[in-house]
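One structure is given here, and the rest of the page talks about it.
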Amino acid sequence: MPVPNRYVIVGASHAGLEALRAIRMQDAEGSLAMITRDDALPYSPTVLPYVVSGRSAPERVALKDEAWFAEQKAQLLRGRTVTAVEATANQLRLDDGSLIGYERLLLATGAAPQLPPIPGLRGVKFHVLRRLDDAIGLHAALPSVKQAVVLGAGLIGMHAAENLAKAGVQVTLVELQPRVLAGYFDADAAAIIESAFSDRGVRLLLGRRAAGVAADGAGIRLQLDDGSELTAGLLLVATGVAPAMECIADSGIATDRGILVDERMQTSVGNVWAAGDVAQARDFYGTDAGARIINGILPDAVEQGRIAGQAMAGDPALRPYPGGVPLNTYTFFGQQAVSVGRQDIGETVLREADRARYLKIVMQQDQLTGIFGINAPFDPGIMWELILRRIDLGPLRAAFLADPQTVARRIMSRSWR
Amino acid sequence: MPAYNTIAFRPELCNGCGDCMRSCASVKTGSADPANSRIQIAADDGSYALALCRQCADPKCVASCPAAALDKHGDDGVIAWDGSKCVNCLLCTVGCAYGGIVYNAAERHVVKCDTCDGDPACVKVCDTGALRYITTARIYNEVGDLEDLFAPGLSGCQGCNTELVMRHTLRRIGPDTVLATPPGCIPGMGAVGYNGLTGTKVPVFHPLLTNTASMLTGIKRQYRRLGREVNAVALAGDGGAADVGFQSLSGAAERGEQILFICVDNEGYMNTGMQRSSCTPFGAWTSTTPVGERGRGKTQDAKNLPVLMMMHNCEYVATASTGFMEDLYAKLDRAIDASKRGFAYLHIYSPCTTGWRFPSQDNMEVARKAVESNFVLLWEFAPGEGLRLSRDPGRPVAITEYLRVLGKFRHLADEDVRHIQGTVNRNLRFIEGLAGGQHPAMASLAADRADQAGTQR
């Protein structure tokens, strides 16, 4: 039986790193091991499209280095995959057969690309973009590629399409939904984004399904549901991700689409926590207190990671997770799109849209439920707080709608330190 | 973890002139367009709202950056942005709840305050005092690791300011010290000892109220005879300094004994039941200046002991307050240094929660208001330099802001407040006159300096 670590964290991206920091705020000494399947130092999946384009050098994207782990008195095990969580024995089985014991375990394993059921996909060479090695591989492939097909117009697909286009590749983007970034923006906002892509020569095939794919020389030949065909030297599949939780299959830890956690990020097993893209946690907007969502965004991974770390270390300052709010920032061809909150709860109280600028505000009674902008200045962090604090905007409603950035800053100055 | 300097904003002093924003924009972008300023101030219903990077201790912008482009520097605490790593994703702006890191359309990337390498351009142009660069962190970084030379568990009243004065001063003065604490709150809370143990980690003794400075004189001279350098320090109350102890204090000052005498002025004999002293101000309730059918509190003004000490031409004399710690530490350092050459006198105002009757959590606020209303003036004197006001007494808060917090002044009639205001004004004119060289003694100092300058030429 191995000597158990006080804390073990599986995964070394934002949720795991923030949990490590939170643990060390409370417990400077307890033995701590972090396990990552990557050989590289910790990095963020969000930076990968920029590694593809060459804007970010792979050796400069590390979020922390070995010296930092030494300072934190934490052991970083790189290039090791957890094959099984043996929860009754409080131990992890690794791919090399070794065992690591734990007293308290955090699963921050993130998500893995979810491959669509396209006939022939397994038989052709394609790329995904989730790990640093994927990005380095894509970057290396660029010089020989003239045409690329990107499947999926989510954030990864859009970022990759833009960066491929900037690298001189002729890109075709295929999306099942009738618009890009359907999870974050409505049709008007999506239209602004779509036209920016079209203007730069990216071909958008929206509302189209891939019907089949086959090898074509060094590249691929893709059939669409309308019978048309595309050929390309490179295929990138970015049709979404799913929580990476193979290792807990026989552990008894309760799952739904992700690992189910409570408001302290604790799983159904008392000494196991989960945070980040793998966790399915409270929905801020849920009318049913039991409603659980996967809110796969970076700032929420940080929040969840910190709460998990505080809970694991017994930090009395822990404030329970208020629930996930969808939010994101998206920059494309020098323009800025920001999405905070939900479009479908409450009523749209302001909507301004033209070809270059877009602003939409959604409120329920006098509380903000969502604000969405393209090239419209406001502070997303302040808006997030307005939503979480359920600030009554009634007295300032007209002023807020006229100038959301300034009025939100005023409320911030009055309401929080 | 070290402490860091910070830019502080007081909206009540802001007049919305916008100079800070123009100055910041000019320094950072070369154009004075306020839109490019890293500090943003907006009118808010008669007040002002601030959006500015707080240089958070646990910054969410850094945690939310996927490209390692933001980093909190360990030396100055500034969160620095690295343009060579930034990928313009704007996720940092989601992490910030203060509007402190914002996309700038002209520069095409996020911008934030970097405190101008410790010399913020916005603060420099703020004439109203609304923006200040707070450098008090220096004290913590310099003295945080020094040993507290008082025992834990002194039995001061809740919220006692005097205990703060004691612990701060002695840890700075250091262990090579012989300490005298005449009767008063300081020995009363256990500093001098109980059950056969002392409350200090340095030699301490308990002189009579009358002979503190005399006994210290003897001790200091004996150590010098033995060839040992020690700090001879008194921590005395205002009663022990201004009343019964004044004869020996005046004598030691006049002889230029190498002593550091710290008067902790809580304006009365608070330890023994809150009796008046000669430092109790006009109108104050004490147990011997009661308020009732005829009594209206003390009927005389306070003795200005620090001015009396200055007129002994001591090596160094200063007034200080725990509401202004940087100033206090600067003066403490000068006083320690001066006591190697001659008599150094430090007069520290110490609001008393019990005797002045105010809530114990308000002590710092009371200390601050006393100074901000000019009830207490902060100044220092050294021979050859004359008197210098160490805090600008311009734009004081109303004296009533200070008086109304304190139970001992609750009974004051308007005419009493006018009397106190008159005393404050008179003291201010007198001290400003000294600072401006208008007092004959100071005028002659100025003349001496002019003579010396002339001789040198």
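So which residues in segment A:101-114 are part of a strand (DSSP E or B), under 28 Å from the mean Cα position of the chain (by Cα) and not basic (Lys, Arg), if there are any at all?
Once the filter is applied, which keeps residues that are part of a strand (DSSP E or B), under 28 Å from the mean Cα position of the chain (by Cα) and not basic (Lys, Arg), segment A:101-114 yields A:TYR102, A:LEU105, A:LEU106, A:LEU107, A:ALA111, A:ALA112, A:PRO113.
Pull up segment A:230-254, narrow it to residues that are small (Gly, Ala, Ser) and within 30 Å of A:GLY217 (Cβ to Cβ), then point me to the one that is surrounded by the most Cβ atoms within 10 Å (Cβ to Cβ).
By that ranking, first place goes to A:ALA238.
Which residues, taken from segment A:198-213, are in contact with a helix residue (DSSP H, G or I) (Cβ under 7 Å, 6 or more places away or on another chain) and either farther than 24 Å from A:GLY168 by Cα or not charged (D, E, K, R) (or both)?
Within segment A:198-213, A:GLY201, A:VAL202, A:LEU204, A:VAL213 qualify.
Counting only residues that are surrounded by fewer than 20 Cβ atoms within 10 Å (Cβ to Cβ), more than 10 Å from chain B (Cβ to nearest Cβ) and of a type outside the set (Ser, Thr, Tyr), give me the helices (runs of 4 or more DSSP H) lying completely in segment A:368-417 with at least 1 of them.
The helices (runs of 4 or more DSSP H) meeting that bar are A:397-402.
Within segment B:23-32, track down each residue that is in contact with an Asp or Glu (Cβ under 8 Å, 6 or more places away or on another chain) and open to solvent by 30 Å² or more (accessible area, probe 1.4 Å).
Residue satisfying the conditions is B:THR29 alone.
Hey, any hits in segment B:433-448 for a residue that's in a helix (DSSP H, G or I), open to solvent by 50 Å² or more (accessible area, probe 1.4 Å) and modelled with pLDDT of 95 or more?
no
Residue check, A:ARG306 against (1) within 10 Å of chain B (Cβ to nearest Cβ); (2) open to solvent by less than 40 Å² (accessible area, probe 1.4 Å), all met but one. Which one?
Among (1) within 10 Å of chain B (Cβ to nearest Cβ); (2) open to solvent by less than 40 Å² (accessible area, probe 1.4 Å), A:ARG306 violates only (2).
If a residue must be of a type outside the set (Gly, Ala, Ser), more than 11 Å from chain A (Cβ to nearest Cβ), assigned to a loop (DSSP other than H, G, I, E, B) and surrounded by fewer than 19 Cβ atoms within 10 Å (Cβ to Cβ), how many such residues does segment B:59-87 contain?
Qualifying residue count, segment B:59-87: 3.
Among the residues of segment A:355-364, is there at least one that is crowded, with 19+ Cβ neighbours inside 10 Å, under 18 Å from A:LEU181 (Cα atoms) and of a type in the set (Lys, Arg)?
Within segment A:355-364, one or more residues are crowded, with 19+ Cβ neighbours inside 10 Å, under 18 Å from A:LEU181 (Cα atoms) and of a type in the set (Lys, Arg).
Out of everything in segment A:255-298 that is within 14 Å of another protein chain (Cβ to nearest Cβ), touching a residue at least 60 places away in the same chain (Cβ under 8 Å) and open to solvent by less than 10 Å² (accessible area, probe 1.4 Å), what residue ends up being nearest to A:TRP384 (Cα to Cα)?
Ranking the candidates gives A:GLY276 first.
Is there a residue in segment A:198-219 that is open to solvent by less than 10 Å² (accessible area, probe 1.4 Å), more than 30 Å from A:ARG179 (Cα to Cα), of a type in the set (A, V, I, L, M, F, W, C) and touching a residue at least 24 places away in the same chain (Cβ under 8 Å)?
No, that holds for no residue.
Residues that are surrounded by 17 or more Cβ atoms within 10 Å (Cβ to Cβ), within 12 Å of chain A (Cβ to nearest Cβ) and in contact with a Gly (Cβ under 7 Å, 6 or more places away or on another chain): does segment B:8-19 have at least one?
So far as segment B:8-19 goes, no, none of its residues is surrounded by 17 or more Cβ atoms within 10 Å (Cβ to Cβ), within 12 Å of chain A (Cβ to nearest Cβ) and in contact with a Gly (Cβ under 7 Å, 6 or more places away or on another chain).
Among the residues of segment A:311-327, count how many are surrounded by fewer than 24 Cβ atoms within 10 Å (Cβ to Cβ) and within 12 Å of another protein chain (Cβ to nearest Cβ).
Going through segment A:311-327 one residue at a time, the tally reaches 3.
Give the number of residues within segment B:33-55 that are in a loop (DSSP other than H, G, I, E, B) and open to solvent by 50 Å² or more (accessible area, probe 1.4 Å).
The qualifying residues number 4.
Have a look at A:ASP39, A:ASP65 and point out the one that is within 11 Å of another protein chain (Cβ to nearest Cβ), of a type in the set (Asp, Glu) and out of contact with any strand residue (DSSP E or B) (no Cβ under 9 Å at 6 or more places or on another chain).
A:ASP65
In segment B:206-216, which residues are polar (S, T, N, Q) and open to solvent by 10 Å² or more (accessible area, probe 1.4 Å)?
B:THR210, B:ASN211, B:SER214, listed by residue number.
Any residue in segment A:136-150 that is of a type outside the set (Gly, Ala, Ser) and at positive phi?
Checked against the condition, which is being of a type outside the set (Gly, Ala, Ser) and at positive phi, segment A:136-150 yields no hits at all.
Identify, by number, the condition in (1) over 29 Å from A:HIS159 (Cα atoms); (2) away from every other protein chain (no Cβ under 14 Å) that A:ARG24 doesn't meet.
The number of the failed condition is (2).
Restricting attention to segment A:85-103, does a residue exist that is in contact with a Cys (Cβ under 6 Å, 6 or more places away or on another chain) and closer than 17 Å to A:ASN271 by Cα?
yes
If you check every pair at least six apart or on different chains, which have Cβ atoms under 7 Å apart with a residue in segment A:107-122 that is farther than 29 Å from A:THR267 by Cβ first and a residue that is surrounded by fewer than 20 Cβ atoms within 10 Å (Cβ to Cβ) second?
Here the result reads A:ILE118/A:GLY212; A:PRO119/A:GLY212; A:GLY120/A:GLY212; A:GLY120/A:ALA214; A:LEU121/A:LEU115, each pair linking segment A:107-122 to a residue that is surrounded by fewer than 20 Cβ atoms within 10 Å (Cβ to Cβ).
The values are calculated or read from the model by the stated rules, or taken from the named source; none is laboratory data. Since the model is a prediction, treat every value here as computed from it, not as a measurement. Here Cβ is always computed from backbone atoms with ideal geometry, including for glycine, and neighbour counts include all displayed protein chains. SASA here: full protein model, heavy atoms, side chains in, ligands and nucleic acids out. Shrake-Rupley method; radii C 1.70, N 1.55, O 1.52, S 1.80 Å.
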